[in-house]
1. Which length gain, in nm to one decimal place, applies between Leu152 and Ala202 when the Cα-Cα distance is subtracted from 0.36 nm times their residue separation?
2. Separation between the His384 and Lys319 pseudo-spin-labels, each 7 Å from Cα along Cα→Cβ, expressed in nm?
3. So how do 187-193, 215-221 stack up, highest first, on mean other-Cβ count within 10 Å?
4. Cut-off is 10 Å between beta-carbons; in what order do Glu201, Glu24 appear when sorted fewest neighbours first?
5. For Glu84 and Ala428, compute 0.36 nm times the residue count separating them, minus their Cα-Cα distance, and round to one decimal in nm.
6. Pop a pseudo-label 7 angstrom from the Cα along the beta-carbon direction at both Thr183 and Ser167 and give the gap in nm to one decimal.
7. Can you give the FRET efficiency for Lys131 and Arg58, using 1/(1 + (r/R0)^6), R0 = 60 Å, r = Cβ-Cβ distance, to the nearest 0.05?
8. Run the paramagnetic zone check for Ala241: 7 angstrom along Cα to Cβ, then residues of the range 169-204 with backbone nitrogen under 14 Å.
Amino acid sequence: MLENLSQRLAKVVKTIRGEARLTESNTQEMLREIRLALLEADVALSVVRDFIAKVKERAMGQEVMASLTPGQALVGVVHDALVELMGGKGDAAKLNLATQPPAVILLAGLQGAGKTTTAGKLAKWLAEQHKKKVLTVSCDVYRPAAIEQLRLVSEQVGADYFASLPSEKPEVIAQNALHWARTHFHDVLIVDTAGRLGIDEAMMAEISALSQQLKPIETLFVVDAMQGQDAVNTAKAFGEALALTGVILTKLDGDSRGGAALSVKAITGRPIKFVGVSEKPDGLQAFDAERMSNRMLGMGDIVALVEQARAAIDEDSAKALADKLKSGARFDLEDYLGQLMQMRKMGGLSTLLDKLPAAMQAAAGKTDMNKAERELKRTQGIIHAMTALERAKPELIKASRKRRIAAGAGVQVQEVNRMLAQFEQMQAMMKKMQKGGMGKLMRSLGGMAGMGKGMPGGMGGGFPMPPSAGLGKRGRSG
């Protein structure tokens, strides 16, 4: 996500050394690099001009603290300017639900932007974060699969769904859904509207009529972040036809440029309220300008990583494992399987890596994340092919058992050997934790080859990496 912009901005820090203060002459080259980075990211030209002027004005004559280089000081100025550009410091965009229930949220946007999927994600977010009872309805009577898609998405996230038919008129569907939401005590009604391949008068007239009829408290424009400046222009057109209250940027995980994220607030005057970061039901995040600025400057988003871990990790299972280890019992293959499943619940290795600071991403850069993801699945399959006794007592797994497990998992015996070798490595780490506490464990981790060549051997209290991901010698050779 945003890697091109992040890489260009990271180079800026290295372009100036040893100066006592930031001046026009020693910041000229850095400002040029920033301008090029933003233009390459498909940020609107007017936004780039204003941004560079603001950074230049703030940087001129700024004293550099003894602990900072001028390059680092300028990055601080750029960081603050990025935060302002995207929404403001410490002011994460919030939904306004302060109205007589049901609060109506109207989703607008072009076809293919991800409105229907976003409706389901938003319903899940409202239920989990705000304990709201949510009803969804589709007013898209033009796309054959739209109504059925919303029904399936709503069922997947556990939201209530109001059935509609392609033969009905959108305004009739909307009115019936609103009545149902009121009489069945729903807190929020999410209305998915029809999209088109382009902006046309009929589309705008229909959605304007729906808006006047429903009087939504939130009208959110859903736009594909990968469209770059085109996304911003489309958002501006919708903003002229509707009383937009905010923007949802979808597919941000596939956007290497970041132009839409940087331009949309400045051009439309409407805040980014959410970003879509994966296709999964929980792949919607409330937008925070400061955290997004951190990512763009290669600082990572550790807050998002912690939130992701908190949401994915089963606290009861984690406590049970901690109690087990505390009692002196061995870490077995059943525990190992549980750790693998927790990691996959967090969205996989590439999702975790994206939120780490640039230095840590660079350290893991030689790791083939796609291959590592496949290895995680394969390891899970190998353990599933074992009996309960074998999981509890891995020492029983000798040649004949290995052949049976390999056949059951559809892999070679060598892969079973590699998986068992890596498990032994993790088991040894857990044993050190039992005997010497976390301090001793971290000291042992510091000596592992994997700390320099790839991701750490244990993340989030013992998340393992597959053998191919660049762990120590035993993990690679089996």
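1. Values: separation 50, 0.36 × 50 = 18.00 nm, distance 2.81 nm.
My answer for the length gained is 15.2 nm.
2. Taking the simple label geometry, His384 and Lys319 are separated by 2.9 nm.
3. Numbers: 187-193: 25.6, 215-221: 21.7.
Put in order of decreasing packing, that is 187-193, 215-221.
4. On the way: Glu201 8, Glu24 11.
The fewest-first ordering by Cβ neighbours comes to Glu201, Glu24.
5. Working: separation 344, 0.36 × 344 = 123.84 nm, distance 4.85 nm.
Value of the extension gain: 119.0 nm.
6. Here the modelled spin labels are 2.1 nm apart.
7. Calculated transfer efficiency: 0.90.
8. Answer for this model: 193-204.
Read-outs: derived from the displayed coordinates by stated rules, not from any lab. Fair warning: this is a prediction, and the values are worked out from it, not measured in the lab. Don't worry about glycine lacking a Cβ; one is built from the backbone with ideal geometry, like all the others, and counts go over all protein chains shown.
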